[in-house]
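The values are calculated or read from the model by the stated rules, or taken from the named source; none is laboratory data. Owing to the predicted nature of the structure, the values given are computational and were not obtained by experimental measurement. We place every Cβ from the backbone using ideal geometry, glycine too, and count neighbours over all the protein chains shown. SASA here: full protein model, heavy atoms, side chains in, ligands and nucleic acids out. Shrake-Rupley method; radii C 1.70, N 1.55, O 1.52, S 1.80 Å.
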2 protein chains.
Amino acid sequence: MATLKDVAQETGLGLGTVSRALSGHPRVRPETRQQVESAARKLGYQSNGLARALRQSHSNAVGLIIPDLENEFYTTAASVVQSALAAEGYRLVLCCSNNIPEVDATLLGSLVESRVDGIIHVPCTAEGSVRTRELNPDLPVVEYARQSGGYAVDAVIGDDDRGSAELVDHLVELGHRHIAMIAGPADLSTTKARVAGFRQACRRHRLLNRDCPVLYGPAYDVDWGAAATEEILRGRPDVTAIFASSSRSALGSLKALNERGVRVPEDMSVVGFLNPMWFDVSDPPLTTYELPLSDMGAMAARVLLERIRSPRAAGDANVVRFQGRLVVRSSTARARSQGTSSDPTGRSRAPAAREPVRDAASPPAKVRRAGATSAPTRKPASAALAPHE
Amino acid sequence: MATLKDVAQETGLGLGTVSRALSGHPRVRPETRQQVESAARKLGYQSNGLARALRQSHSNAVGLIIPDLENEFYTTAASVVQSALAAEGYRLVLCCSNNIPEVDATLLGSLVESRVDGIIHVPCTAEGSVRTRELNPDLPVVEYARQSGGYAVDAVIGDDDRGSAELVDHLVELGHRHIAMIAGPADLSTTKARVAGFRQACRRHRLLNRDCPVLYGPAYDVDWGAAATEEILRGRPDVTAIFASSSRSALGSLKALNERGVRVPEDMSVVGFLNPMWFDVSDPPLTTYELPLSDMGAMAARVLLERIRSPRAAGDANVVRFQGRLVVRSSTARARSQGTSSDPTGRSRAPAAREPVRDAASPPAKVRRAGATSAPTRKPASAALAPHE
DNA sequence: CTGGTCCGTGGGAACCTTTCCACGGCGAGA
DNA sequence: TCTCGCCGTGGAAAGGTTCCCACGGACCAG
């Protein structure tokens with residue numbers, strides 16, 4: 001391929017001039033620029049991004065590491081991050097850890113080696129992104145969806161525990177007092193948060209721990225959702241509601257229930273988590289807690305770009321937490337004949353079924369120092385999570 | 001960050017030696033290697049991928065351009081391509097054209113500028129990937145899912161027209177003779193193929209063109225699916241079956257029908273295209289044509305890597321076409337009181353409902369010259385599309 | 001008329017690696 | 001004993017860009 005030197009030779013100009021002409025530098029005569037441009041076109045010159053990145057020591061690329069490429073929770077993030085970055089002239093290098101810690105670590109290494117300008121990371125262990133700090137302390141990193149620990153690293157997360165709590169509130173309101181939670185891998189921070197919210201809400205409603213089992217599983221996927229549901233049907237006849245804490249396990253749960261002929265919501269209420277587009281044509285449409293995924297992805301990109309552009313003040317971590325909202329559909333109904341229920345048919349559905357789903361759940365949030373200072377949290381976050389100055 | 005030079009200085013060795021030691025070159029004394037490695041660890045040395053790529057003139061990265069990051073059709077591809085590449089030590093640079101030709105072209109340019117080693121491209125115009133040939137004739141490109149034209153470029157595609165045909169066959173078998181097709185943008189090659197298959201099958205069954213309208217739309221998305229369905233309900237009371245030629249428009253169609261109180265399949269049969277995981281818990285579970293997306297993605301990666309590794313023989317395009325299979329569920333039933341129907345209740349469901357969905361549809365396919373020579377096509381493809389030697 | 005400034009350009013250094021070549025030493029075969 | 005070849009190493013070139021500095025000319029003010 002043609003290089004700058006070739007263009008220089010063709011035009012009889014020096015390399016510096018050609019470079020300036022091509023990169024829009026003001027100090028170059030218009031005619032010269034014309035000449036250079038036509039020569040470049042003629043030779044089919046394509047500037048070498050590698051060489052430029054090497055010289056300028058920034059590559060206009062950022063890495064995104066997600067644990068699962070077939071989960072709309074993350075692909076939505078990837079999508080909007082990609083858009084946000086593209087708008088600012090950055091490329092996205094997408095990696096997938098498959099939730100394997102070793103792969104995660106390798107990917108991190110590979111990304112710093114390839115000299116990306118920043119990384120958005122969904123960590124899959126408690127160590128999280130701290131490894132990048134060892135590799136390159138100056139590399140901006142923001143954690144997404146999951147938070148690794150007490151390290152001072154930027155993060156954009158959903159309010160998982162509040163979501164769990166709202167779903168439990170909803171179920172309790174309908175008279176359920178025996179609720180099973182289908183959780184994911186125990187060591188993920190999202191799992192922890194969702195379980196914590198679940199337990200806390202149960203306590204608040206004076207539900208007994210043994211009435212509200214939590215089933216940890218190998219992954220947030222359809223098979224586990226189905227398997228856990230089987231387990232519940234087999235071993236816990238007292239349970240009247242299932243809280244599947246991810247969209248995929250909810251799908252699996254529904255599948256298993258449908259196959260076993262268990263009617264939803266008459267015999268069993270089911271709630272999901274997050275709100276993929278197919279939740280309202282499933283059979284039945286699912287009650288769930290929706291997180292503003294697009295906003296979250298955009299925010300992650302914004303926080304990262306801000307860090308890339310302005311030098312980072314050490315220890316000054318920026319944690320943004322997004323609220324979601326309860327979306328009530330027809331997969332939840334009054335508990336069947338379980339003590340307090342006054343409706344033996346169990347058929348009275350929640351009143352607010354089929355409410356519109358896709359409106360802007362949280363106010364347009366601003367990054368601290370990017371303008372308005374309001375964090376998107378409605379109530380002040382716990383100390384560990386609030387942006388600390 | 002520490003560089004090779006720093007390590008050389010630290011150890012008192014020359015750059016060449018340090019480089020060799022670190023890159024596993026055999027000609028270096030084990031003790032020396034030890035020394036270098038410990039010094040590198042001590043300094044936190046991270047090799048600079050940019051410099052290496054520049055020197056070796058290959059970057060171990062490949063680009064993937066898809067038109068829509070929220071469509072499981074493409075994200076599935078992205079996922080498996082990513083895995084396949086990672087296994088061979090390549091990174092994936094993911095770009096999204098949003099189906100905008102200008103963006104597509106820009107992305108192509110940006111990728112060749114960043115010196116990826118190859119590109120997998122879902123073209124969004126008929127020109128397709130030919131632009132890369134101008135930019136860099138040696139850059140391996142494989143087109144995915146859509147085929148741009150008569151250019152000699154590798155491609156991995158699904159057998160869209162056969163899929164359409166099989167769905168039409170299925171509907172006709174059930175007595176439908178007025179079938180509306182919800183198509184996508186008219187200029188996409190997938191749309192063309194699906195419409196062609198539809199028309200052809202209609203002709204074969206002697207259905208009249210005016211009984212089988214094709215609705216072209218702005219995009220393969222939920223809104224268009226819903227809008228088109230409204231249009232059909234309003235303007236075409238004769239239609240008894242809707243062929244939504246993508247998973248998302250099927251979703252929109254179902255949504256619209258449910259909202260209008262039109263029963264599926266009693267009042268209207270619906271078939272989708274492709275087979276996202278939620279198609280069998282939708283209300284009702286959808287009959288569809290499933291394409292082996294994982295195999296297709298893997299094949300695309302394989303074809304590309306093969307091209308990267310072995311010099312391309314000009315004009316020798318390798319086109320692989322994947323068969324899918326009909327998946328019959330309960331969204332299709334005998335046509336309502338439409339002439340031939342012998343079942344006035346319209347309730348006799350297709351016999352094969354709930355058949356297993358996720359088995360290996362097509363035999364493990366081999367790339368030409370990568371071992372076995374059998375193409376994954378069951379019957380010989382048309383001349384224009386067969387791998388030509 | 002001269003000194004200073006700005007403009008446009010050329011040349012070289014720097015970015016960091018890999019790779020090639022050369023060189024000294026040493027063991028083995030002639 | 002001499003030579004050949006191999007081994008381990010050092011040095012330098014190359015890869016393609018950007019950035020800094022210097023330089024000549026023109027222009028302006030004193």
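Descriptive notes on the structure:
- Yes/no for B:GLU31 being among the acidic types (Asp, Glu) and either touching a residue at least 60 places away in the same chain (Cβ under 8 Å) or more than 9 Å from DNA strand D (Cβ to nearest atom) (or both): no
- Breaking point among (1) within 8 Å of DNA strand D (Cβ to nearest atom); (2) polar (S, T, N, Q); (3) more than 19 Å from A:ARG55 (Cβ to Cβ), for B:SER57: (3)
- Region A:14-44, subset touching a Lys or Arg at 6+ places or on another chain (Cβ under 8 Å) and not small (Gly, Ala, Ser), residue nearest to the other protein chains (Cβ to nearest Cβ): A:LEU15
- Sole exception among (1) in a loop (DSSP other than H, G, I, E, B); (2) in contact with a Cys (Cβ under 9 Å, 6 or more places away or on another chain); (3) modelled with pLDDT of 95 or more; (4) outside the structural domain of A:LEU215 (by TED's automatic domain parsing) for A:VAL116, by number: (2)
- Residue in region B:285-301 that is modelled with pLDDT under 95, within 22 Å of A:VAL264 (Cα to Cα), touching a strand residue (DSSP E or B) at 6+ places or on another chain (Cβ under 7 Å) and not assigned by TED's automatic domain parsing to the domain that holds B:VAL153 present: no
- From B:SER282, B:SER253, residue being in contact with a Ser or Thr (Cβ under 8 Å, 6 or more places away or on another chain), within 14 Å of another protein chain (Cβ to nearest Cβ) and modelled with pLDDT under 95: B:SER282
- When region B:45-60 is filtered for residues that are facing another protein chain (nearest Cβ under 7 Å) and of a type in the set (Gly, Ala, Ser), the ones remaining, listed by number, are B:SER47, B:GLY49, B:ALA51, B:ALA53, B:SER59.
- Candidate set from region A:280-297 (those that are under 18 Å from the mean Cα position of the chain (by Cα) and not in a strand (DSSP E or B)); member that is surrounded by the fewest Cβ atoms within 10 Å (Cβ to Cβ): A:SER294
- First in region B:46-57 and farther than 14 Å from B:ASP117 by Cα, second anywhere and assigned to a helix (DSSP H, G or I) and open to solvent by less than 20 Å² (accessible area, probe 1.4 Å), Cβ under 8 Å, 6 or more apart: B:GLN46/A:GLY109; B:GLN46/A:VAL112
- Residue count for region B:128-139, restricted to those that are part of a loop (DSSP other than H, G, I, E, B), in contact (Cβ under 8 Å) with a residue 24 or more places away in the chain and not polar (S, T, N, Q): 3
- If you go through region B:34-54 and keep only what is more than 20 Å from A:LEU107 (Cα to Cα) and near DNA strand D (Cβ under 10 Å from one of its atoms), you end up with B:GLN35, B:VAL36, B:LEU54.
- Restricting attention to region A:80-108, the residues that are assigned to a strand (DSSP E or B) and closer than 16 Å to A:ALA145 by Cβ total 3.
- Filtered residues of region B:240-273 (kept if of a type outside the set (S, T, N, Q), assigned to a loop (DSSP other than H, G, I, E, B) and surrounded by 24 or more Cβ atoms within 10 Å (Cβ to Cβ)): B:PRO265, B:MET268, B:GLY272, B:PHE273
- Scanning region A:89-125 for residues that are away from chain B (no Cβ under 12 Å), among the aliphatic types (A, V, I, L, M) and within 16 Å of the chain's Cα centre (by Cα) yields A:ILE119, A:ILE120, A:VAL122.
- Screening region B:61-78 for residues that are of a type in the set (Ser, Thr, Tyr) and in contact with a helix residue (DSSP H, G or I) (Cβ under 7 Å, 6 or more places away or on another chain) and picking the one that is farthest from the other protein chains (Cβ to nearest Cβ) gives B:THR76.
- Within region B:298-317, the set of residues being buried (at least 24 other Cβ atoms within 10 Å of the Cβ) and assigned to a loop (DSSP other than H, G, I, E, B) is empty.
- Check on A:LEU111, assigned to a loop (DSSP other than H, G, I, E, B), within 16 Å of DNA strand C (Cβ to nearest atom) and touching a residue at least 12 places away in the same chain (Cβ under 8 Å): no
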